[in-house]
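Data first, discussion second: the structure below is written as structure tokens.
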Amino acid sequence: MDSLTAYKAHLAEIAKLHSAQALLGWDQHTHMPKKGVTARAQVAGKLSKMAFELFVSDKMGEYLEELEKKDGLSLEEKASVRRVGRDYRRHQAIPPALIEEFTIARSEAQSAWVKAREISDFSVFRPHLEKIIDYVRRFADYFGYEEEPYDALLEEYEPGMTSERLREIIAPLRNELVPFLKRLIDDGTKPSADVWKGTFDVETQRSLAKRALEIIGYDFSAGALDDVAHPFTTTIGPGDVRVTNRYLEDAPLSGLFAALHEGGHALYNQGMGEELYYLLLADGASHGIHESQSRMIENQIGRSRPFWHFFQPILAEYFPQFTNVDPDVLYRSANIVEPSFIRVEADEVTYNFHIMLRFELESGLIEGSIKVSDLPDLWNEAMERYLGITPPDDAHGVLQDVHWSMGSFGYFPSYMLGNLYAAQIFARLRSDLPELDEKIASGDFEPLLSWLRENVHRLGGIYDPNDLIERITGEGLNPSYFVSYVTDKYSEIYRL
């Protein structure tokens, strides 16, 4: 067996273990009984260790060394060798036993987070989070870094990104958006939200979410929709990309936009070929690029005027009280700007403030200047500083996101970067598809999906984020596209 064939077979074995891990994770969040946590954690830990041992094995090193010198590889094969080689060298120093321990700790922490959030008591989650942070700090040391330990964690999710670069991005965003938010609130005409008042049957919302996913092109023969406490999308394997969602009886837009958001993630993964999955290139260019796809479908499409002109009669099929509502009323009311406690329900203007807050706290936790025990108070102080509001309890504050229980430190900036990537990519998309608004308003989503398939989805992780954004738009990441998009859109909505 030649080295390339052996390498692909090796990666396929890892991919199979990843598939089993993803299935166990999906089940833990959707259907697993509470008493199954301990046993499930042990199984998940074992699978993680097995996959990790294969990934950092001497055999893998031998394959990579040979293939890095080999000519005649395809674009996909070269990308796999480059990307896997980079990750192999970053992870090689980590003891496999530590991966197993960490996976078990994560499973237990996720269950503790669910319980703590239900009763709004951070103290239930605190010891688990302290353990998780200890592991994450150790991983940062194993990965290595030049400036800050947080940089080592950022690299896992956004190759090439650093804390310094993030601060360079955040400063002008904050300088532009803070005064713009003040103008909207002080001088703008706020749309009314009265149309959304009432109680909306959850089962009907679930059916509406399914319809919305079908409309944007999500393939239910290769996926599923389930209920969870915190929505996520997971790829079990080729032909199996699952979406999860949650619904609030008094806030139907929450479930609808969450479904569109997760649907954007799912479209990305459903648009990748099977070969990419088995070459370990099916995670996308980066988590920021992945978030760009979910945020684009949720915001640039789902919160757009053309979408609501198309979607109003569909909404009325499920909730007849919307039968005679002007689509423009729905559009404006779906774009109200208001500082809020919950990140996933934040509007486009204030959303990035939630990420800035988390970046500030995360980097302090990893660096050691912030103690876990101080988090609730520091969280509330930062919310007041960034958004001018103070959470009433832990569930609406420090406990609102699942990511820390998963050990995903360094992930949150991907959400902000996703907003920036989305605006920049969408500007190019609109240039290439000048009739996009008319197509969306008529319910024709095929041109949109085809463009995304060709320019983003099918490429998976072949390109790093900087290379991909330049390939699509002709320039590197440029936050000015997002600022222009937000200020133009909301100046019109608020009649500034």
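Checked against (1) without any contact (Cβ under 8 Å) to a residue 24 or more places away in the chain; (2) in a loop (DSSP other than H, G, I, E, B), GLY36 passes all but condition (2). Taking the stated definitions as given, is ALA423 modelled with pLDDT of 95 or more, touching a Phe, Trp or Tyr at 6+ places or on another chain (Cβ under 6 Å) and surrounded by fewer than 22 Cβ atoms within 10 Å (Cβ to Cβ)? Answer is no for this residue.
ARG167 falls short on exactly one of the conditions (1) touching a helix residue (DSSP H, G or I) at 6+ places or on another chain (Cβ under 8 Å); (2) assigned by TED's automatic domain parsing to the domain that holds ASN419, and that condition is (1). No other residue among SER405, SER414 is under 18 Å from the mean Cα position of the chain (by Cα), crowded, with 18+ Cβ neighbours inside 10 Å and more than 28 Å from ILE119 (Cβ to Cβ) apart from SER414. Within region 213-269, being without any contact (Cβ under 8 Å) to a residue 40 or more places away in the chain, among the hydrophobic types (A, V, I, L, M, F, W, C) and touching a Leu at 6+ places or on another chain (Cβ under 8 Å) holds for PHE220, LEU225, VAL243. Just give me the residues in region 469-496 being within 22 Å of ASN175 (Cβ to Cβ), of a type in the set (Val, Ile, Thr) and under 23 Å from the mean Cα position of the chain (by Cα), in sequence order. The answer is VAL483, VAL486. Only one entry of ASP394, ASP374 meets the criterion of being in contact (Cβ under 8 Å) with a residue 60 or more places away in the chain, in the same structural domain as SER340 (by TED's automatic domain parsing) and farther than 24 Å from ILE301 by Cβ, and that entry is ASP394. Listed by position, the helices (runs of 4 or more DSSP H) enclosed by region 260-362 that each have at least 1 residues that are touching a Phe, Trp or Tyr at 6+ places or on another chain (Cβ under 6 Å) are 287-295, 305-318, 327-333. All of VAL84, VAL43 fail the test of being under 19 Å from PHE139 (Cβ atoms), out of contact with any strand residue (DSSP E or B) (no Cβ under 7 Å at 6 or more places or on another chain) and of a type in the set (A, V, I, L, M, F, W, C), apart from VAL84.
The values are calculated or read from the model by the stated rules, or taken from the named source; none is laboratory data. The model shown is predicted, which means the values in this text are computed figures rather than measured ones. Every residue, glycine as well, gets a Cβ built from its backbone with ideal geometry; the counts of neighbours run over all protein chains shown.
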